[in-house]
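Structure, as structure tokens:
The values are calculated or read from the model by the stated rules, or taken from the named source; none is laboratory data. On a predicted model such as this, the values are computed, not experimentally measured, just so you know. Methodologically, a virtual Cβ is constructed for each residue, glycine included, from the backbone with ideal geometry; neighbour enumeration extends over all protein chains shown. Only protein heavy atoms, including side chains, enter the accessible area calculation; ligands, DNA and RNA are left aside. Shrake-Rupley method; radii C 1.70, N 1.55, O 1.52, S 1.80 Å.
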Amino acid sequence: MDKQKSIEALQFFVTHLSDGAFVHKIQGHIFKSQGFTKLGDKYMGHYNEEMGWVEKFIDRILDLGGELKVEDRKGRELICDPVEYVKADLAIQEPGVELLRKCMASVCEDPITYDIMKAYLVDEEEDLGWSLGQLEIIEKIGVQNWLVKQM
């Protein structure tokens, strides 16, 4: 087992997932301030869920004897339109799920890290399904009706 490979993969997700989680938290506040309480709660809850994964990845890095890093955050544009945000988030989720699958292949000799990432993949696929489902609902009932459901 190549511990360094696992540590690098986990650190990648610690950095990038914490970035994305923070954006979800801010977007949640934006949506709540616009009166879309359910949508705001969804994204703020998503922040908590993602940070739970970050903690698991951090713990595994430490278990492997790795050194943690706090790497620079990449800035991201905030989107005030809820529908446009779901679309933008989906555009990040889809390649992110593929990247996670590829990363899992690189750590398959580390069954503990692999299992953690496999569980994370299940969670990410659920999130991807939610986003796709919301866009399908919007198409069927219209934007205004969907927005009312987010209040």
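Below is a table of values for the structure above.
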item: Accessible area in square angstrom per residue, region 77-151, 1.4 angstrom probe; result: 57 Å²
item: Region 1-63-region 67-146 distance, computed between alpha-carbon centres (Å); result: 10 Å
item: Cα centre as origin, Lys/Arg/Asp/Glu Cβ charges: the chain dipole, Debye; result: 420 debye
item: Relative contact order (%) - region 55-151, alpha-carbon pairs under 8 angstrom, separation at least six; result: 29 percent
item: D_trans [Stokes-Einstein, Kirkwood Rh over alpha-carbon pairs] for region 1-98, 37 °C, 0.692 mPa s, µm² s⁻¹; result: 227 µm²/s
item: Residue-averaged 222 nm ellipticity for the chain, from DSSP H runs of 4+ at -39500 (n - 2.57), nearest 500; result: -28500 deg cm²/dmol
item: Coordinate range along principal axes, alpha carbons of region 87-131, Å, largest first; result: 35, 15, 9
item: Rounded D (µm²/s) - region 36-151, Kirkwood Rh over Cα pairs, Stokes-Einstein at 20 °C, 1.002 mPa s; result: 132 µm²/s
item: Helix 3-33 vs. the chain, principal-axis angle (Cα, 0 to 90°, nearest 10); result: 20 degrees
item: Surface per residue (accessible, 1.4 Å probe) for region 11-63, Å²; result: 43 Å²
item: The chain: angle of helix 82-106 to the longest principal axis, Cα-based, in degrees nearest 10; result: 20 degrees
item: With eigenvalues of the C-alpha gyration tensor scaled by 5 and rooted, region 109-150, Å; result: 35, 8, 4
item: Carbon plus sulfur fraction of accessible area for the chain, probe 1.4 Å, in percent; result: 55 percent
item: Unsatisfied cross-links (Cα-Cα over 19 Å) in the set K87/K118; K3/K102; K69/K118; K3/K56; K3/K74; K25/K69; result: K87/K118; K69/K118; K3/K74; K25/K69
item: GNM flexibility winner over the chain from G133, G66, G40 (Cα, springs under 10 Å); result: G133
item: Stokes-Einstein D (µm²/s) once Rh is taken as the Kirkwood radius of region 24-63 over alpha-carbon pairs, at 37 °C in 0.692 mPa s; result: 308 µm²/s
item: Neighbourhood charge, 13 Å Cβ-Cβ cut-off, centred on P95 and excluding it, Lys, Arg +1 and Asp, Glu -1; result: -2
item: Net +/- balance of residues flanking E139 in space, Cβ distance below 15 Å, scoring K and R +1, D and E -1; result: +1
item: Rounded tilt (10° steps) of 111-141 against the dominant C-alpha axis of the chain; result: 10 degrees
